[in-house]
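Engineer: What follows is a structure written as C-alpha coordinates; I'll ask about it next.
The values are calculated or read from the model by the stated rules, or taken from the named source; none is laboratory data. In this text, all values refer to a predicted model and were calculated from it rather than measured experimentally. For neighbour counting, all protein chains shown are included, and Cβ atoms are generated from backbone atoms with ideal geometry for every residue, glycine included. Side chains are part of the model used for accessible areas, which takes the heavy atoms of the whole protein and leaves out ligands, DNA and RNA. Shrake-Rupley method; radii C 1.70, N 1.55, O 1.52, S 1.80 Å.
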Amino acid sequence: ETGVTQTPRHLVMGMTNKKSLKCEQHLGHNAMYWYKQSAKKPLELMFVYSLEERVENNSVPSRFSPECPNSSHLFLHLHTLQPEDSALYLCASSQDWWDHTDTQYFGPGTRLTVL
Amino acid sequence: AQKITQTQPGMFVQEKEAVTLDCTYDTSDQSYGLFWYKQPSSGEMIFLIYQGSYDEQNATEGRYSLNFQKARKSANLVISASQLGDSAMYFCAMRPNFYNQGGKLIFGQGTELSVKP
(Lines give C-alpha, C1' and ligand atoms only; values in the text may rest on other atoms or scores of the structure.)
Protein backbone atom coordinates (compact mmCIF):
# COMPACT_ATOMS: atom_id res chain seq x y z
CA GLU A 1 0.00 0.00 0.00
CA THR A 2 1.14 3.50 -0.73
CA GLY A 3 0.08 6.96 0.31
CA VAL A 4 -2.64 7.46 2.88
CA THR A 5 -5.35 4.86 3.44
CA GLN A 6 -8.58 5.13 5.39
CA THR A 7 -11.06 2.55 6.61
CA PRO A 8 -13.94 2.14 6.40
CA ARG A 9 -14.81 4.05 3.25
CA HIS A 10 -18.47 4.25 4.20
CA LEU A 11 -20.07 4.10 7.63
CA VAL A 12 -23.67 4.33 8.77
CA MET A 13 -24.27 4.56 12.48
CA GLY A 14 -27.00 5.36 14.94
CA MET A 15 -26.69 8.16 17.44
CA THR A 16 -26.02 5.75 20.30
CA ASN A 17 -23.35 3.71 18.51
CA LYS A 18 -19.61 3.81 19.08
CA LYS A 19 -17.38 3.44 16.05
CA SER A 20 -13.84 4.28 15.01
CA LEU A 21 -12.28 5.60 11.83
CA LYS A 22 -8.79 4.46 10.96
CA CYS A 23 -6.10 6.20 8.97
CA GLU A 24 -2.66 4.88 8.00
CA GLN A 25 0.10 6.69 6.15
CA HIS A 26 2.93 4.95 4.31
CA LEU A 27 4.89 8.12 3.50
CA GLY A 28 7.16 8.33 6.52
CA HIS A 29 5.60 11.63 7.59
CA ASN A 30 5.66 13.09 11.08
CA ALA A 31 2.30 14.87 11.11
CA MET A 32 -1.24 13.59 10.67
CA TYR A 33 -4.53 15.46 10.45
CA TRP A 34 -8.28 14.92 10.64
CA TYR A 35 -10.56 17.11 8.53
CA LYS A 36 -14.33 17.27 8.26
CA GLN A 37 -15.99 18.13 4.96
CA SER A 38 -19.69 18.87 5.17
CA ALA A 39 -21.82 19.55 2.13
CA LYS A 40 -21.44 23.07 0.75
CA LYS A 41 -18.75 23.98 3.29
CA PRO A 42 -14.97 24.30 3.08
CA LEU A 43 -12.84 21.67 4.78
CA GLU A 44 -12.61 22.13 8.52
CA LEU A 45 -9.47 21.11 10.36
CA MET A 46 -10.33 19.05 13.44
CA PHE A 47 -7.09 17.74 14.91
CA VAL A 48 -3.36 17.80 14.22
CA TYR A 49 -0.83 15.31 15.56
CA SER A 50 2.93 15.62 15.31
CA LEU A 51 5.02 12.62 16.35
CA GLU A 52 2.04 11.19 18.22
CA GLU A 53 1.41 14.37 20.19
CA ARG A 54 -1.71 16.41 19.63
CA VAL A 55 -0.69 19.92 18.61
CA GLU A 56 -4.04 21.36 17.61
CA ASN A 57 -7.65 20.83 18.55
CA ASN A 58 -10.04 23.18 16.84
CA SER A 59 -12.90 23.33 19.30
CA VAL A 60 -14.16 19.93 18.28
CA PRO A 61 -16.98 18.43 20.42
CA SER A 62 -15.88 15.75 22.84
CA ARG A 63 -17.97 13.13 21.03
CA PHE A 64 -15.01 13.03 18.61
CA SER A 65 -11.94 11.54 20.26
CA PRO A 66 -8.68 11.22 18.32
CA GLU A 67 -5.90 8.76 19.02
CA CYS A 68 -2.43 8.57 17.50
CA PRO A 69 -0.57 5.47 18.76
CA ASN A 70 2.38 6.04 16.42
CA SER A 71 3.35 8.37 13.59
CA SER A 72 1.83 6.07 10.95
CA HIS A 73 -1.61 5.52 12.45
CA LEU A 74 -4.42 7.86 13.41
CA PHE A 75 -7.85 7.01 14.73
CA LEU A 76 -11.01 9.00 15.26
CA HIS A 77 -13.29 7.45 17.86
CA LEU A 78 -16.94 8.40 17.54
CA HIS A 79 -19.67 8.16 20.16
CA THR A 80 -23.17 9.56 20.58
CA LEU A 81 -22.95 11.49 17.34
CA GLN A 82 -25.63 13.80 15.97
CA PRO A 83 -27.14 13.76 12.47
CA GLU A 84 -25.30 17.01 11.69
CA ASP A 85 -22.04 15.09 12.11
CA SER A 86 -22.78 13.31 8.85
CA ALA A 87 -19.94 14.31 6.53
CA LEU A 88 -16.85 13.15 4.70
CA TYR A 89 -13.96 12.70 7.13
CA LEU A 90 -10.57 13.07 5.55
CA CYS A 91 -7.24 12.10 6.99
CA ALA A 92 -4.02 13.71 5.78
CA SER A 93 -0.32 13.50 6.52
CA SER A 94 2.68 15.74 5.93
CA GLN A 95 6.33 15.92 6.83
CA ASP A 96 6.15 18.80 9.31
CA TRP A 97 2.95 20.37 10.60
CA TRP A 98 4.51 23.78 11.23
CA ASP A 99 6.07 24.39 7.79
CA HIS A 100 4.03 26.50 5.39
CA THR A 101 5.81 24.94 2.40
CA ASP A 102 4.84 21.48 3.55
CA THR A 103 2.33 19.59 1.37
CA GLN A 104 -0.45 17.60 2.97
CA TYR A 105 -1.43 14.34 1.31
CA PHE A 106 -4.95 13.09 1.83
CA GLY A 107 -6.59 9.72 2.10
CA PRO A 108 -9.76 8.70 0.24
CA GLY A 109 -12.01 9.68 3.14
CA THR A 110 -14.73 7.99 5.16
CA ARG A 111 -18.26 8.99 4.26
CA LEU A 112 -20.18 8.96 7.54
CA THR A 113 -23.93 8.97 7.88
CA VAL A 114 -25.50 9.36 11.32
CA LEU A 115 -29.12 8.25 11.56
CA ALA B 1 -7.86 37.49 8.46
CA GLN B 2 -6.62 34.64 6.32
CA LYS B 3 -9.06 33.82 3.56
CA ILE B 4 -9.27 32.04 0.22
CA THR B 5 -11.89 33.05 -2.35
CA GLN B 6 -12.92 30.99 -5.34
CA THR B 7 -15.56 32.95 -7.21
CA GLN B 8 -16.54 30.29 -9.77
CA PRO B 9 -18.86 27.71 -8.18
CA GLY B 10 -19.04 25.78 -11.46
CA MET B 11 -17.34 25.83 -14.85
CA PHE B 12 -17.62 23.99 -18.14
CA VAL B 13 -14.81 23.39 -20.62
CA GLN B 14 -14.63 21.52 -23.89
CA GLU B 15 -12.34 18.51 -24.00
CA LYS B 16 -8.80 19.38 -25.19
CA GLU B 17 -9.23 23.07 -24.39
CA ALA B 18 -7.46 24.98 -21.62
CA VAL B 19 -9.30 26.30 -18.58
CA THR B 20 -8.41 28.73 -15.81
CA LEU B 21 -9.79 28.36 -12.29
CA ASP B 22 -9.62 31.53 -10.24
CA CYS B 23 -8.30 31.87 -6.71
CA THR B 24 -7.61 34.96 -4.66
CA TYR B 25 -6.25 34.99 -1.15
CA ASP B 26 -5.96 37.39 1.72
CA THR B 27 -3.05 37.38 4.11
CA SER B 28 -0.73 39.83 5.78
CA ASP B 29 2.08 37.25 5.90
CA GLN B 30 5.16 37.53 3.72
CA SER B 31 5.80 33.78 3.86
CA TYR B 32 3.03 31.42 2.84
CA GLY B 33 2.30 28.47 0.63
CA LEU B 34 -0.42 28.09 -1.99
CA PHE B 35 -1.82 24.72 -3.01
CA TRP B 36 -4.35 23.32 -5.43
CA TYR B 37 -6.18 20.07 -4.85
CA LYS B 38 -8.55 18.05 -7.01
CA GLN B 39 -11.45 16.14 -5.49
CA PRO B 40 -13.28 13.67 -7.77
CA SER B 41 -16.70 12.40 -6.82
CA SER B 42 -15.02 9.49 -5.02
CA GLY B 43 -13.94 11.96 -2.32
CA GLU B 44 -10.17 11.71 -2.25
CA MET B 45 -8.35 15.05 -2.15
CA ILE B 46 -5.51 14.85 -4.68
CA PHE B 47 -2.61 17.27 -4.46
CA LEU B 48 -1.90 18.97 -7.79
CA ILE B 49 0.55 21.83 -7.45
CA TYR B 50 2.34 24.08 -4.96
CA GLN B 51 3.57 27.68 -5.16
CA GLY B 52 5.67 29.35 -2.50
CA SER B 53 5.24 33.04 -1.82
CA TYR B 54 8.90 33.70 -2.58
CA ASP B 55 9.00 31.63 -5.75
CA GLU B 56 9.68 33.96 -8.66
CA GLN B 57 8.61 31.51 -11.33
CA ASN B 58 5.14 30.09 -11.75
CA ALA B 59 4.87 26.46 -10.71
CA THR B 60 4.14 23.82 -13.32
CA GLU B 61 3.31 20.12 -13.00
CA GLY B 62 2.51 18.40 -16.25
CA ARG B 63 -0.74 19.87 -17.60
CA TYR B 64 -1.19 22.03 -14.51
CA SER B 65 0.34 25.44 -14.05
CA LEU B 66 -0.21 28.08 -11.46
CA ASN B 67 -0.52 31.70 -12.56
CA PHE B 68 0.85 33.47 -9.48
CA GLN B 69 0.37 37.20 -9.24
CA LYS B 70 1.60 38.20 -5.82
CA ALA B 71 0.66 41.88 -5.97
CA ARG B 72 -2.90 40.95 -6.88
CA LYS B 73 -2.90 38.09 -4.38
CA SER B 74 -4.12 35.65 -6.96
CA ALA B 75 -3.09 32.07 -7.65
CA ASN B 76 -5.09 30.81 -10.61
CA LEU B 77 -4.84 27.21 -11.76
CA VAL B 78 -4.51 26.63 -15.48
CA ILE B 79 -5.28 23.18 -16.86
CA SER B 80 -4.13 22.70 -20.42
CA ALA B 81 -5.65 20.18 -22.86
CA SER B 82 -8.57 19.25 -20.62
CA GLN B 83 -9.51 15.59 -20.36
CA LEU B 84 -12.79 13.96 -19.31
CA GLY B 85 -11.05 12.72 -16.19
CA ASP B 86 -10.43 16.31 -15.12
CA SER B 87 -14.11 16.66 -14.17
CA ALA B 88 -14.01 17.21 -10.40
CA MET B 89 -14.07 19.78 -7.62
CA TYR B 90 -10.95 21.90 -7.41
CA PHE B 91 -9.86 23.55 -4.19
CA CYS B 92 -7.38 26.34 -3.71
CA ALA B 93 -5.70 26.40 -0.31
CA MET B 94 -3.23 28.57 1.55
CA ARG B 95 -0.92 27.79 4.39
CA PRO B 96 0.15 30.95 6.23
CA ASN B 97 3.26 31.30 8.30
CA PHE B 98 3.35 29.13 11.39
CA TYR B 99 3.21 32.15 13.64
CA ASN B 100 -0.15 32.97 12.11
CA GLN B 101 -2.78 30.38 12.99
CA GLY B 102 -0.15 27.72 13.42
CA GLY B 103 0.33 27.24 9.71
CA LYS B 104 -3.18 25.90 9.27
CA LEU B 105 -4.17 24.94 5.73
CA ILE B 106 -7.09 27.18 4.72
CA PHE B 107 -9.35 26.05 1.90
CA GLY B 108 -11.60 27.93 -0.48
CA GLN B 109 -15.14 26.88 -1.30
CA GLY B 110 -14.08 25.05 -4.45
CA THR B 111 -14.92 25.17 -8.16
CA GLU B 112 -16.73 22.30 -9.84
CA LEU B 113 -15.24 21.70 -13.28
CA SER B 114 -17.12 19.73 -15.91
CA VAL B 115 -15.32 18.68 -19.07
CA LYS B 116 -17.57 18.19 -22.09
CA PRO B 117 -16.70 15.62 -24.79
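Engineer: From the Cα gyration tensor of segment A:72-115, with a ≥ b ≥ c the square roots of its eigenvalues, which class applies: rounded if a/c is under 1.5, or else prolate if a/b is larger than b/c, or else oblate? Spell out each step's value before the answer.
Structural biologist: Details: a/c = 2.81, a/b = 2.49, b/c = 1.13.
Because a/c hits 1.5 or more and a/b exceeds b/c, segment A:72-115 counts as prolate.
Engineer: Sticking to Cα atoms, compute the Rg of chain A to one decimal and its Dmax as the biggest Cα-Cα distance, whole number, in Å.
Structural biologist: 13.3, 41
Engineer: Longest span of chain B, sites excluded, free of GluC sites (Glu not before Pro) in DSSP loop with at most 14 other C-beta atoms within 10 Å? Before the final figure, lay out each step's value.
Structural biologist: Details: sites that count: B:Glu15, B:Glu17, B:Glu56.
The longest such stretch corresponds to B:57-117.
Engineer: Specify which residue in the list A:Trp34, A:Leu81, A:Leu45 is farthest towards the positive end of the charge dipole of chain A, using unit charges on the beta carbon of Lys, Arg (+1) and Asp, Glu (-1), about the Cα centre.
Structural biologist: Selected residue: A:Leu81.
Engineer: Right, something else. What cysteines in the protein assembly as shown have no other cysteine with a beta carbon less than 4.7 Å from their beta carbon?
Structural biologist: A:Cys68
Engineer: What quantity of accessible surface, computed with a 1.4 Å probe and excluding non-protein components, is buried in total between chains B and A, in Å² to the nearest 100? Walk me through the numbers before you get to the answer.
Structural biologist: Numbers: alone 6530 and 6290 Å², together 10890 Å².
What B and A bury together is about 1900 Å².
Engineer: Using a cut-off of 11 Å between beta-carbons, work out the net charge of the residues near A:Leu74 (Lys and Arg +1, Asp and Glu -1, A:Leu74 not included).
Structural biologist: Working: positive: A:Lys22, A:Arg54; negative: A:Glu24, A:Glu52, A:Glu67.
Around A:Leu74, the surrounding residues sum to -1.
Engineer: From zero up to wherever the largest Cα-Cα distance of chain B sits, split into 5 Å bins and tell me the percent of pairs in each.
Structural biologist: Result, from short to long distances: 2, 12, 23, 24, 19, 10, 5, 2, 0, 0 percent.
Engineer: With r as the distance between the Cβ atoms of B:Val78 and A:Glu52 and R0 = 30 Å, compute the FRET efficiency 1/(1 + (r/R0)^6) and round to 0.05.
Structural biologist: 0.15
Engineer: Let me have the relative contact order for chain A, percent, based on Cα pairs under 8 Å that are six or more residues apart.
Structural biologist: Working: 292 pairs, mean separation 42.0, N = 115.
That works out to 37 percent.
Engineer: Using only alpha carbon positions, build the gyration tensor of segment A:43-103, then give the equivalent ellipsoid semi-axes as the square roots of 5 times its eigenvalues, largest first, whole angstrom. Don't jump to the answer; show the numbers that get you there.
Structural biologist: On the way: eigenvalues 97, 36, 21 Å².
Value: 22, 13, 10 Å, ordered largest first.
Engineer: Then there's this: Using a cut-off of under 11 Å, list every residue of segment B:79-95 whose amide N is near the label point 7 Å from the Cα of B:Asn67 along the Cα-to-beta-carbon line.
Structural biologist: B:79
Engineer: Dividing the convex hull volume of the Cα atoms of segment A:14-78 by its residue count, what figure in Å³ per residue is obtained? Kindly include the intermediate steps, with their values, before the conclusion.
Structural biologist: Numbers: hull volume 6.7 nm³, N = 65.
Cα-based convex hull of segment A:14-78, divided per residue, equals 102 Å³.
Engineer: So how exposed is A:Val12, as accessible area in Å² (1.4 Å probe, rounded to 10)?
Structural biologist: 90
Engineer: Now for a different question. What's the carbon and sulfur percent of chain B's accessible surface, probe 1.4 angstrom, rounded to a whole number?
Structural biologist: Values: 2640 of 5560 Å².
Reported share for carbon and sulfur atoms: 48 percent.
Engineer: Here's something else I'd like to know. Taking Cα pairs under 8 Å and at least six residues apart, what relative contact order does chain B come out at, in percent?
Structural biologist: Numbers: 296 pairs, mean separation 43.3, N = 117.
37 percent.
Engineer: Semi-axes of the protein assembly as shown's equivalent ellipsoid from the Cα gyration tensor, sqrt of 5 times each eigenvalue, largest first, rounded to whole Å? Before the final figure, lay out each step's value.
Structural biologist: On the way: eigenvalues 172, 90, 49 Å².
Equivalent-ellipsoid dimensions as semi-axes: 29, 21, 16 Å.
Engineer: What chymotrypsin sites (Phe, Trp or Tyr not before Pro) does segment B:1-82 have in DSSP loop regions with at most 13 other beta carbons within 10 Å?
Structural biologist: B:Tyr54
Engineer: If segment B:50-117 were replaced by its equivalent ellipsoid, with semi-axes equal to the square roots of 5 times the Cα gyration tensor eigenvalues, what would those be, largest first, whole Å? Intermediate values should be presented prior to the final figure.
Structural biologist: Numbers: eigenvalues 126, 48, 17 Å².
That gives 25, 15, 9 Å for the three semi-axes.
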